[in-house]
Amino acid sequence: YQKYLERGNIEVAPLAYMRGRTLDDSFIILDVAQNTTREQMKMFLTRLGFNSKMVITGDITQIDLPESKKSGLVEALKVLKNVEDIGENFFTEKDVVRHRLVQDIVNAYEQYNGSRRERRTK
């Protein structure tokens, strides 16, 4: 890893340093994207250059933004759903590769949040 960093094959850059760049000939990963703002997500997406691919990861059940801020990831999923050549993959608790209890914890939160949503809509 260090060798690739030193050669410039891999670059780790904060989202704040993406403005004004075009990322040609690159494989770009935006991790923990659920906490991006709408503006940050749009700025990131528009950095895509020629011969490049982007992968964006995030868990929309773990958004830490203040209530007044909308998640850029959530908005991007809605805005880009019909754009050709953009795909999305969703994982479930069955995809968890951590401690066996993590699946149960994820399920418990989903059930709890589902029942809270039902009560609010009644």
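Regarding the chain, what whole-number volume in Å³ per residue does the convex hull of its Cα atoms give? Intermediate results must be reported in sequence, preceding the final value.
Numbers: hull volume 19.1 nm³, N = 122.
Given the Cα convex hull of the chain, per-residue volume reads 156 Å³.
Please list, or write none, the lysines whose alpha carbon is within less than 24 Å of the alpha carbon of K69, excluding same-chain residues fewer than 8 places away.
K42, K78, K81
What 222 nm value per residue comes from the helices of the chain, counting each DSSP H run with n ≥ 4 as -39,500 (n - 2.57) and dividing by all residues, nearest 500 deg cm²/dmol?
-11000 deg cm²/dmol
Return a whole-number percent for the relative contact order of the chain, with Cα pairs under 8 Å and 6 or more residues apart as the contact set. Numbers along the way, then the final one.
On the way: 116 pairs, mean separation 25.8, N = 122.
Across the chain, relative contact order equals 21 percent.
Charges only on Cβ, +1 for Lys and Arg, -1 for Asp and Glu: so what's the dipole of the chain about the Cα centre, in debye to the nearest 20?
Numbers: 20 positive and 18 negative charges, 89 e Å.
For the chain, the charge dipole is close to 420 debye.
What FRET efficiency, computed as 1/(1 + (r/R0)^6) with R0 = 41 Å and r the Cβ-Cβ distance, is obtained for R21 and E110, rounded to the nearest 0.05?
0.60
Show me the chymotrypsin sites (Phe, Trp or Tyr not before Pro) within region 1-80 that DSSP assigns to loop and that have at most 14 other Cβ atoms within 10 Å of their Cβ. Don't skip to the answer; put the middle values down first.
Numbers: sites: Y1, Y4, Y17, F27, F44, F50; in loops: Y1, F50.
Answer by residue number: Y1, F50.
FYI, it's all coordinate maths here, none of it is from the lab. In this text the structure is predicted, and so the values were computed from the model without any measurement. With ideal geometry, Cβ positions are generated from the backbone for all residues, glycine too; neighbour counts draw on all protein chains shown.
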